[in-house]
Each structure stands twice: as structure tokens, then as C-alpha cells.
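Each remark here refers to the structure printed beneath this line.
The values are calculated or read from the model by the stated rules, or taken from the named source; none is laboratory data. What you see is a predicted model; the values in this text were computed from it and never measured. As a convention, Cβ positions derive from the backbone with ideal geometry for all residues, glycine included, and neighbour counts pool all protein chains shown.
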Amino acid sequence: MTVIVVANPKGGVGKSTLATNLAGHFASEGEWVALADLDKQRSSHAWLSLRVDTLPKIEEWNIDVDSPAKPPKGLEKAVVDTPAGVHGNRLALALELADKVIVPLQPSMFDILATQDFLARLAKEKAVRKGAIQVGVVGMRVDARTRSADQLHRFVEGLDLPVLGFLRDTQNYVQLAAHGLTIWDVAKSRVEKDLEQWAPIIEWVSKK
């Protein structure tokens, strides 16, 4: 089983968007996938409740920080959404579970500065340094051709972490989430640009 943790202590950077669509991709490929939510508000699990039974199945994995339960036996993929301000026991648990960590980050200086210490801490984690946990950054709500995207690249390269890709600012994610959907659940013609942007991210998470 591969566990992918989506984390950034900064709020409003698109963690749940990234986590739900990542789970949606695995489900669309016929993999047995579960979505865990360490946020007390459980917004990702609330989104799961909107999905109709005819859509590819995504399991709900409930994790109690004080007594974490093991995932269902035989599970192939698990995606863990984390809350804003994640630290302490919740962060320790997330990293204990993780095979890969994706950090969504908007390319504004304010967001970069707010995330700087977190990325530096991840880079220093023993499991990250030894390669047991892989860490990558995804630029959110950004045009890859802009100066802001270049700024994000330069910042992350200084921490020796890869930028996996950039997801544009589009209402597709908002409109689909309202119905428990992901970009993998609708006609490709509707989300063609978005699927193209996801390609390098999916390639990275799929590598052993």
C-alpha cells in the first residue's frame, strides 16, 4: 500500500482539492483507495458523503490521532488530508504513515514565507533524508508561464525538493466538488487542460 499525505500548515492553499482529486484518480483507475482526513472539520469526508454510488468507490478511512486504526487490509492507495496549522501529534502521525508527501503551495511571497519553515522541517526529517519518504511541491492556482511560477521554482530548488506541477485557477474544481466529483469523473473534454496539468503529478505519485 502507498500512503500519500497532503500537507501544509498554511490554510486555504488547496489541500482538500488536491487530496480528493488524487483519490479520485486512483479510484478511476480501478484501485482500492481510501481517503483519510486529520482535520477536525472533516471536510474531505463531508465531500465523500456527496459522491453517488455509481461513481468509482473511495473508502472513508477514519483516523483517531490518539489510537490510529490500521487501514483496510488489502488497500492499494491511501490519501491523507491534513488541517491548517498541522503540527505535533497530527503531523507526527501523518509522517509516520506517509510514503510520499505533497505540499500544495500558492506562489505568492506571503504563502511561501508561511510555508518556508514547514518545508525546511520536512527536508530535515530523517525518513526524508534517507529517501523513505518522498516530498514534492505542487503550485496551486498558478499559470506555469508566469514570474510567480519561476519564483516558486527558485524557492523550492533551494530546499532540494521537486516542483511536481502547477494547477491552474479554475472553477472546475469548485463546481465538481459541490457534487462529490473530481476531474476524473466527468467528460475529458470538459477538463482537458486540467488533466494535462495533473499528468506529471500522477507520474510522480505512481513511481515506487
Task: Hits in the stretch 182-208 (condition: surrounded by 11 or more Cβ atoms within 10 Å (Cβ to Cβ), touching a residue at least 12 places away in the same chain (Cβ under 8 Å) and closer than 29 Å to ILE133 by Cα) - done: THR182, ILE183, TRP184, ASP194, LEU195, GLN197, TRP198, PRO200, ILE201, ILE202, TRP204, VAL205
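Give the residues of the stretch 8-52 that are of a type in the set (A, V, I, L, M, F, W, C), within 14 Å of GLY180 (Cβ to Cβ) and assigned to a helix (DSSP H, G or I), sorted by residue number.
ALA19, ALA23, ALA27, ALA46, TRP47, LEU48
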Task: Pick from the stretch 74-94, criterion surrounded by fewer than 17 Cβ atoms within 10 Å (Cβ to Cβ) and either closer than 29 Å to HIS179 by Cα or touching a helix residue (DSSP H, G or I) at 6+ places or on another chain (Cβ under 7 Å) (or both), ranking: modelled with the highest pLDDT - done: GLU76
- [ ] Residue by residue through the stretch 179-208, note down the ones that are in a loop (DSSP other than H, G, I, E, B), out of contact with any strand residue (DSSP E or B) (no Cβ under 9 Å at 6 or more places or on another chain) and closer than 21 Å to VAL33 by Cα.
- [x] HIS179, GLY180, LEU181, THR182, ILE183, TRP184, ASP185, VAL186
- [ ] Filter the stretch 2-49 for residues that are buried (at least 23 other Cβ atoms within 10 Å of the Cβ) and aromatic (Phe, Trp, Tyr) and give the result.
- [x] PHE26, TRP47
- [ ] Would you mind telling me which numbered condition in (1) under 19 Å from ILE202 (Cα atoms); (2) touching a strand residue (DSSP E or B) at 6+ places or on another chain (Cβ under 7 Å); (3) without any contact (Cβ under 8 Å) to a residue 40 or more places away in the chain GLU59 fails?
- [x] (1)
